[in-house]
Amino acid sequence: MSNSSLKEQLEAAAFKLVGTSEKKKTILKKQKSAMLDYFQYGVELLKAHFPCCFKDPNEIQPLKVGIKQDLVKRLGGLEDVVINDKACMIKSLNYYVNTIAYHKRVLVGTARVDLDGNAVGMVTAEEALYAEQRRQHKQQSKVSA
């Protein structure tokens, strides 16, 4: 058993035993921080393996509808990437498309891109409206937090 695993088990046990909300908040903050680090690592892997598709926040382009299936297929063929990194990239895709920066770029008529950066469709008015609503909701959540 690894030290980090043992540490997580002890923290979980402490969470159950201790009823104070401060300790619960501390544990939850650590868990959130670890997940954020994991997703950010996955996004960096996506940028490294698919640089024409996944970009820095100021260069983001809307992704092809159904790109997750394309990503799974493409990663299946990459033998030089370990399975844990493949899983991390797939999980991090959801994080990437749910950032405020991504939602800001989903505008009517903007080209969507595939894993190779090729244009494959356009953002519809309905998709742009949904992205704007998600962006506003995320910004309101940040302000209230």
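The values are calculated or read from the model by the stated rules, or taken from the named source; none is laboratory data. Here the structure is a predicted model, which means the values were calculated and not measured. All Cβ positions, glycine included, derive from the backbone under ideal geometry; neighbour counts span all protein chains shown.
The set of residues in the range 104-123 being in contact with a Gly (Cβ under 9 Å, 6 or more places away or on another chain) and free of Cβ contacts under 8 Å to residues at least 60 places away in the same chain consists of Ala111, Arg112, Met122. Scanning the range 34-65 for residues that are over 16 Å from Lys91 (Cα atoms), of a type outside the set (A, V, I, L, M) and loosely packed, with under 14 Cβ neighbours inside 10 Å returns Pro51, Cys52, Asp56, Pro57, Asn58, Glu59. Within the span defined as the range 97-106, one or more residues are surrounded by 12 or more Cβ atoms within 10 Å (Cβ to Cβ), more than 30 Å from Leu10 (Cβ to Cβ) and of a type in the set (Ser, Thr, Tyr). Taken together, Gln61, Gln136, Gln69 contain a single residue that is over 29 Å from Glu8 (Cα atoms) and either basic (Lys, Arg) or modelled with pLDDT under 95 (or both), which is Gln136.
Just one of the listed residues (Ala101, Ala87, Ala128) is without any contact (Cβ under 8 Å) to a residue 60 or more places away in the chain, part of a helix (DSSP H, G or I), farther than 23 Å from Leu36 by Cα and among the small types (Gly, Ala, Ser), and it is Ala128. Among the residues making up the range 30-68, those that are among the hydrophobic types (A, V, I, L, M, F, W, C) and without any contact (Cβ under 8 Å) to a residue 12 or more places away in the chain are Ala34, Met35, Leu36, Ala48.
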